[in-house]
Amino acid sequence: MTASLEMLETSAPAIEGRSPFLLAFRRLRRDKVAMVSLVVIVLIVLMAVFAPLFATITGHPPNEQYRDIGLTPDGLPRGPNGTFWLGTDDLGRDVLVRIAYGARVSLLVGVAATAITVAVGIVLGLAAGFLGGVVDTILARLIDVVLSVPFLLVAIALVSVTGPSLSITVLVIGFFSWASVARIVRGQVLSLREREFVEAARSLGAGDTRIMFVDVLPNVLAPVIVYTTLLIPVVIVTQATLSFLGLGLPPPTADWGGMISASQNYYTTAWWFILFPGLALLITTLAFNLFGDGVRDAFDPRADRLR
Amino acid sequence: MTEALTQPVTQPVTQPLLRVRDVRKEFPTHGREVVRAVDGVSLEVRKGETLGLVGETGCGKSTLARCIAHLYDVTSGSVEFDGTELTGLSRRAMRPLRREIQMIFQDPYGSLNPRRRVGSIIGDPFAIHGISAGAERKRKVQDLMEVVGLNPEHYNRFPAEFSGGQRQRIGVARALALRPKLVICDEPVSALDVSIQAQIINLLADLQKEFDLTYVFISHDLSVVRHVSDRIAVMYLGKLVEVAPTEELFQQTRHPYTRALLSALPVADPDTADSREQIILAGDIPSATNPPQGCRFHTRCPKARATCAAAEPGLDPVLDDGPAHRTACFFPLTIGEDLSTAVPDLKAS
Ligand SMILES: Nc1ncnc2c1ncn2[C@@H]1O[C@H](COP(=O)(O)OP(=O)(O)O)[C@@H](O)[C@H]1O
Ligand code: SF4
Ligand SMILES: [Mg+2]
């Protein structure tokens, strides 16, 4: 009696349908590593948003050069102390404040370039996979070409022509990354468009655009979300790399790649100068990567079992 | 359902709802050849009747269904629906007609979008044709769910939360949403458990009465088709081989292939004189890329003669059959003829 009552209760209809995304979200919430990573990501975002607060509290604007108190008499950076908590850089600027401001650049580029990449990749991947024919032939070739272009060489050439700026960084990264998203989406769509539910939509009178965005798109969203969370750290590192090579933001803007680049000559004398920006970059990318792994496992529980 | 049978078949009272004339559909293969999936099919479906279409898997039933529903452009031939020629219609011109011809698909898993809620799947026809939105659409969808025997409160669920039979009901609700005139059921129960098949078949029969529907009912299983159809068309390798009113097809089987299908039915029917004879067809179904010359069935037919390989029989009344019973065979079976002892003889005499 009690057993059957219990069964009744547990099988009582969850009238609100369990969306695959909701299920994935629930699995994600139980993933400790992913949740810790998420907290770290939130902290980094807060640091970026409240970067001016670091300047106010320390009393050091990000670009202010303290040539007197911030540099040793020989003109070398000063180590962490009561005034400069994480030390100073080669121009006597506060490393902590510049790391906070640098987070803005990293996150902004990471999010903006990823957003462009994903939007363009989805639309072109959908069009190529779904429309097929000439559209697909052209787009598939284009994807191959973009994926085989030596990215850094072209980036260097391009930036040396246009001069470094935030928007050109975002555009360059976006331009070279959409192809991999498009390729993923196209591959999925190629098999999805043969599914009977697409034919069912057609038999109801739905047009190509509606089928692409209402019927097909929701089915490619899961792999795209997984790819996106794993793309953000790649973009952040890429941006840092461009800066490191002097193709980032024009000085004196604070950004992590630029800081690491400037610290190269001082790694024997000023360990803090290279360590802290490097750590910031490492922790950020690590947090995004671990979170991305969690998202992937949440969407594809089988990957979990295979490990 | 018997109405169509009792009508004087020589004089169709009204123009047929669907008239298919010499439809062909070829698919390109990787090589230079083509698959002739449907190779010259003509048939008519009268308003309110159920035409059963039966044949082995791969004989072209689904392709014919998709040609009728204008999901494929036919290679040649004509499909006329309610007086309108469908072949060559643009998508835009076809749109209003989509409301009148609907399909129920075989696979209750593949035919429902796994990422969309049932309410929005059944509401799709309304959304696509801009018929109703918001609360009104929701009410209509829930009415439909009730009509097909689903719990309207499950509106927000996803297809994965339903059983196979319930999913097929979802497919039925979607097909009925726009009150179509013609519903093409492409093996609607083949993927379901036998215990559930009857439920869906009964549902379809009830809905036919309630909404005055005309069905083309496709199955590879003659016993399912027999149960629901007024007339049956038997298909083999892209062609119709025999068309007859249901009972006549069983009592007065003319085509050796139809007889072979009948003999494979599990339940012996006392009405059918030769119900216990077992006819095992020789060989496999030939490829639709390269169908046999002459009568396509001659490579497997127990009665095959040299003529059969040389010429192709037309689909016409044979022996003393009326115009409603047409058979494509040079040597049709007479009533009571024993096919199990027949031996093919293809040597030219
Ligand atoms: N889209 C297609 N492209 C190529 N060949 C096809 C296609 N659809 C069906 N065929 C071929 O056409 C023939 C008939 O298939 P189909 O109409 O699905 O048969 P049925 O529904 O009777 O099982 C088969 O040989 C099949 O392989
Ligand atoms: S025409 Fe000949 S081969 Fe074809 S079914 Fe009739 S007897 Fe058999
Ligand atoms: Mg089929």
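The values are calculated or read from the model by the stated rules, or taken from the named source; none is laboratory data. All values derive from a computational prediction rather than experimental measurement. We place every Cβ from the backbone using ideal geometry, glycine too, and count neighbours over all the protein chains shown. Heavy atoms of the whole protein, side chains included, go into the accessibility calculation; ligands, DNA and RNA do not. Shrake-Rupley method; radii C 1.70, N 1.55, O 1.52, S 1.80 Å.
The 1.4 Å probe gives accessible areas that order B:87, B:214, B:75, largest first, as B:75, B:87, B:214. For the residues B:181, B:239, B:47, a 1.4 Å probe over the protein chains yields an accessible-area ranking, largest first, of B:47, B:181, B:239.
The share of C-alpha pairs in region B:199-343 whose separation exceeds 20 Å stands at 50 percent. Only beta bridges with both residues in chain B are counted; by DSSP, about 55 percent of them are antiparallel.
Note the angle between two axes, namely the Cα long axis of helix B:134-147 and the longest principal axis of the Cα atoms of chain B, as a number of degrees from 0 to 90, rounded to the nearest 10. Roughly 40 degrees between the two axes. Determine the shape class of chain A: with a ≥ b ≥ c the square roots of the Cα gyration tensor eigenvalues, call it rounded for a/c under 1.5, and otherwise prolate if a/b is greater than b/c, oblate otherwise. Since a/c reaches 1.5 but b/c is at least a/b, the shape of chain A is classed as oblate. Note on chain B: helix-only mean residue ellipticity at 222 nm, from DSSP H runs of 4+ residues weighted -39500 (n - 2.57) and normalised by residue number, equals -8500 deg cm²/dmol. For region A:112-267, the orientation-averaged shadow of the C-alpha convex hull comes to 10.5 nm² (one quarter of the hull surface). Over chain B, with a Gaussian network built from C-alpha contacts below 10 Å, which listed residue (B:284, B:212, B:321) shows the highest mean-square fluctuation? Comparing B:284, B:212, B:321 in a Gaussian network model of chain B, the most mobile one is B:284. As a length-normalised measure over Cα pairs under 8 Å and 6 or more apart, the relative contact order of chain A settles at 24 percent.
For the peptide B:88-98, the mean number of other protein chain Cβ atoms found within 10 angstrom of a residue's Cβ is 2.
The C-alpha atoms of chain B define a longest principal axis, and helix B:164-176 lies at about 80 degrees to it. Shielding by partners for peptide A:19-32, expressed as the average number of C-beta atoms from other protein chains within 10 Å of each residue's C-beta, is 1. Distance from the Cα centroid of region B:20-71 to that of region B:79-99 is 17 Å (rounded to whole angstrom). Would the protein assembly as shown count as rounded, prolate or oblate if I go by the C-alpha gyration tensor, calling it rounded below 1.5 in a/c and otherwise prolate when a/b exceeds b/c, oblate otherwise? Note, shape of the protein assembly as shown comes out prolate.
With N denoting the number of residues in region B:158-238, provide Rg(C-alpha) divided by 2.2 N^0.38 Å, to two decimal places.
1.11
Under the criterion of Cα pairs below 8 Å and six or more residues apart, the relative contact order for chain B equals 18 percent. Taking every full run of DSSP H in chain A, the ones that stretch at least 15 Å from end to end by Cα along their long axis and average 1.0 or higher on the Kyte-Doolittle scale are A:32-49, A:95-131, A:133-148, A:151-162, A:166-192, A:217-244, A:271-299.
Centre-to-centre separation between the Cα atoms of region A:42-117 and those of region A:166-241: 36 Å. Going by accessible surface with a 1.4 Å probe and the largest first, B:224, A:134, A:145, A:154 read A:134, A:145, A:154, B:224. Accessible surface buried by the B/A pair amounts to about 2600 Å², both sides summed, 1.4 Å probe. Between residue A:145 and residue A:69, the FRET efficiency from the beta-carbon distance, with R0 = 51 Å, is close to 0.40. Which residue fluctuates the most in chain B, going by a Gaussian network model with Cα springs under 10 Å, if the choices are B:328, B:175, B:306? Result for chain B, Cα springs under 10 Å: B:306 fluctuates most. Legend: distances between Cα atoms for B:303/B:347; B:25/B:61; B:140/B:209; B:25/B:47; B:25/B:303; pairs beyond 18 Å are B:140/B:209; B:25/B:47; B:25/B:303. Remark: mean inter-chain Cβ contacts per residue of A:190-203 equal 6, using a 10 Å Cβ-Cβ cutoff to other protein chain atoms. Region B:123-146 to region B:161-207: how many Å between their Cα centroids? Computed from Cα coordinates, the inter-centre distance equals 19 Å.
Taking the radius of gyration and the Kirkwood hydrodynamic radius from Cα positions alone, what is the Rg/Rh ratio for chain B, to two decimal places?
0.99
Solvent exposure of region B:2-239 amounts to 40 Å² per residue of accessible area, where only protein heavy atoms count and the probe is 1.4 Å.
For the peptides B:164-173, A:58-67, the ranking by packing is B:164-173, A:58-67, with the highest mean count of neighbouring Cβ atoms within 10 Å listed first. DSSP assigns beta bridges within the protein assembly as shown; of those with both partners inside it, close to 60 percent run antiparallel. Given a 1.4 Å probe and the protein chains as shown, residue A:31 ends up with an accessible area of around 40 Å².
Angle of helix B:194-211 to the longest C-alpha principal axis of chain B, folded into 0 to 90 degrees and rounded to 10: 70°.
Taking packing as the residue-averaged number of other Cβ atoms within 10 angstrom, the listed peptides B:101-109, B:76-84 run from highest to lowest as B:101-109, B:76-84. Heavy-atom accessible area for residue A:183, with the other protein chains in place and a 1.4 Å probe, reaches approximately 130 Å².
Comparing mean-square fluctuations of A:19, A:180, A:263 from a GNM of chain A with C-alpha springs under 10 Å, the top value falls on A:19.
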